[in-house]
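Note sheet for the following structure.
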Amino acid sequence: MNNSVTNTARLLGAGLRALLVLTLVTGVIYPLVITGVAQALFPDKANGSEIKADGKVVGSSLIGQSYNLPLKKGQQTPEPDLRWFQGRPSGGLGTNSVNTQYKLILSGATNLAADNKNLIQQVKDAKAAVIKDNSVPGYTVTASQVPADAVTSSGSGLDPDISPAYAELQVHRVAAKNGLSVAAVEKLVEDHTEGRTLGFMGEPRVNVLELNIALKALAAKTS
């Protein structure tokens with residue numbers, strides 16, 4: 001009986017020591033080491049890839065955001081502020097009381113099939129809006145100019161980037177709304193277009209927030 005109690009106590013003591021050691025190693029030391037390495041080698045990414053303007057954090061380079069006008073009385077859906085470059089649609093898992101544009105509790109794709117009637121209608125409506133919003137005097141957008149990312153959300157619903165084609169499609173409208181030359185706005189897009197990662201992964205892209213910050217600075221300089 002005494003041996004049984006002794007063995008049990010010894011096993012419990014060993015288990016407790018193992019628990020404490022593993023808790024210390026995996027719950028304290030390992031996180032501190034990883035955090036330290038991340039802060040030393042990748043401080044920007046480790047702190048959320050924050051983007052600052054005028055000394056203030058205005059967003060993250062990893063998460064898109066909306067550029068809309070304030071809601072009018074009785075209005076349910078805000079209108080895009082056409083002074084700014086617009087990101088791709090942010091449908092994600094659907095729009096409801098908790099999931100709205102770029103404010104998703106759960107990020108993810110719509111999971112709608114390519115032949116889903118709702119998705120097809122959403123794409124048609126989005127394409128019509130892109131054509132209407134970006135057609136300005138002297139420049140008319142055609143349906144063939146509208147790229148896929150202008151009318152579909154990304155896999156996460158939070159994509160911060162758009163394709164160079166979608167950015168270029170918006171140049172004439174942005175230039176007209178801000179009293180800038182088309183050439184100056186085209187130069188902004190060119191300067192903020194990133195190539196494929198390591199030269200072969202992914203596609204060329206334009207970060208919308210960074211582009212709009214540069215646009216704001218340019219508009220202020222020329223006003």
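The values are calculated or read from the model by the stated rules, or taken from the named source; none is laboratory data. All values derive from a computational prediction rather than experimental measurement. So basically every Cβ, Gly included, is an ideal-geometry build from the backbone, and we count neighbours across all protein chains shown.
Here is how the numbers come out for the structure above:
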read-out: Residues being part of a strand (DSSP E or B), exposed (fewer than 12 other Cβ atoms within 10 Å of the Cβ) and among the aliphatic types (A, V, I, L, M) - total across the stretch 190-207; value: 1
read-out: Qualifying residue in the stretch 174-183 (condition: in contact (Cβ under 8 Å) with a residue 12 or more places away in the chain, assigned to a strand (DSSP E or B) and buried (at least 20 other Cβ atoms within 10 Å of the Cβ)); value: no
read-out: Any hit, the stretch 53-66, residues being farther than 30 Å from Ala150 by Cβ, of a type outside the set (Lys, Arg) and part of a helix (DSSP H, G or I); value: no
read-out: Breaking point among (1) under 22 Å from Ile63 (Cβ atoms); (2) without any contact (Cβ under 8 Å) to a residue 60 or more places away in the chain, for Ile51; value: (2)
read-out: Set Ser144, Ser181, Ser156: member being under 20 Å from the mean Cα position of the chain (by Cα) and in the same structural domain as Ile120 (by TED's automatic domain parsing); value: Ser156
read-out: Residue under evaluation Gly157, criteria (1) in contact (Cβ under 8 Å) with a residue 60 or more places away in the chain; (2) in a helix (DSSP H, G or I), criterion not met; value: (2)
read-out: Residue list for the stretch 50-75, filter: among the small types (Gly, Ala, Ser) and surrounded by 15 or more Cβ atoms within 10 Å (Cβ to Cβ); value: Ala53, Gly59, Ser60, Ser61, Gly64, Ser66
